[in-house]
Amino acid sequence: DFTRTDTIMKMIRRKLNSSLMFAGLVTLSWMAVAVAFTPSLLFSSGSKRPIIVLAAVQSPNSKGKGYVPKWTKKSTLADEQGSSNDLGFANVGLKGTIPVVFKQGNETRTSMAWAGQPLRDVATQAGQFIKYGCGKGECGTCECMVNGKWIRPCTATVPSLVSGEELIVQVKAIKTKSKSSGTFFSFRSFIMGFWNNLLGMIGFVKFRKAAKKNWEERKAYEDLVAQKTLEKKMRKA
């Protein structure tokens, strides 16, 4: 048993070392390719080459970066003819007896609904984005606050209210900002790649420790079972 354990540990060490060497080779090859394709003063030749200057056409929404978008946002019916806030619920085709107000941070959206109408559909017609998960009311991703209680709009319906009373739905704020890893072959991309590799190595080490602990527990349990079985056979003999 001890020889078997030592053999397994050696195999695990070899695999871990090979994984680390592979990650190092990938990182070095990545850096070599980046140096080969990225112009630098250290690798520039002494000959002077003519510099070609290309004029960039700036658009009003490019924020001075010279970027021209290939598409523009099309105007919606609400942009052309007015929204429910401008024309009223009846003039835009929204019907119902219960005003439903969706609040998310500083933004507020209002719509009309009937009692028993799915709250998910009301949020859609109001233009309120709610992040859903399972869509069955089990995960709780879409939870919103209504009258001090958490509800799940994916399965909830509009309750019956007194005439003139509003249903206020407090929607959780969603983080929309995301950090880019930078352009390809940039310094930031190298740092992010190294960080991802480091996290992977740490994960390998943690998994190895957990697997070793699990194996030791199972081995101890098997030894205990074998000992109890041997004692039982000795008593019968």
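The values are calculated or read from the model by the stated rules, or taken from the named source; none is laboratory data. Please read all numbers here as calculations on a predicted model, not as lab measurements. Cβ: placed from backbone, ideal geometry, glycine included. Neighbour counts: every protein chain shown. Quick note on the areas: whole protein, heavy atoms, side chains included, nothing else; ligands and nucleic acids left out. Shrake-Rupley method; radii C 1.70, N 1.55, O 1.52, S 1.80 Å.
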Quiz item: Peptides 156-164, 107-115: what's the order by average Cβ count within 10 Å, highest mean first?
Solution: 107-115, 156-164
Quiz item: Can you list residues whose amide H is under 5 Å from A115's amide H, if they're 5+ apart or on another chain and H is modeled 1.01 Å from N?
Solution: T97
Quiz item: So what J values fall out for the stretch 25-32 if you push phi through Karplus, 6.51 cos²θ - 1.76 cosθ + 1.60 with θ = phi - 60°, rounded to Hz, Gly and Pro as x?
Solution: 5, 4, 5, 5, 5, 4, 5, 5
Quiz item: How would L198, L25 line up by accessible area, probe 1.4 Å, largest first?
Solution: L25, L198
Quiz item: Modelled label-to-label distance, F129 and L198, 7 Å Cα→beta-carbon offset: nm?
Solution: 3.2
Exercise. Sort the following peptides by mean Cβ neighbour count (other Cβ atoms within 10 Å, averaged over residues), highest first: 137-143, 200-206.
Key: 137-143, 200-206
Quiz item: What's the FRET efficiency of T229 with T7 using the Cβ-Cβ distance as r and R₀ = 30 Å, to the nearest 0.05?
Solution: 0.70
Quiz item: Heavy-atom accessible area of M11 with all protein chains present, probe 1.4 Å, nearest 10 Å²?
Solution: 90
Quiz item: Shape call for the stretch 105-237 from the C-alpha gyration tensor, a ≥ b ≥ c root eigenvalues: rounded (a/c under 1.5), prolate (a/b greater than b/c) or oblate?
Solution: oblate
Self-check item: Unit charges at the beta carbon, dipole of the stretch 102-178: most positive-side option, C154, M112, A173
Solution: A173
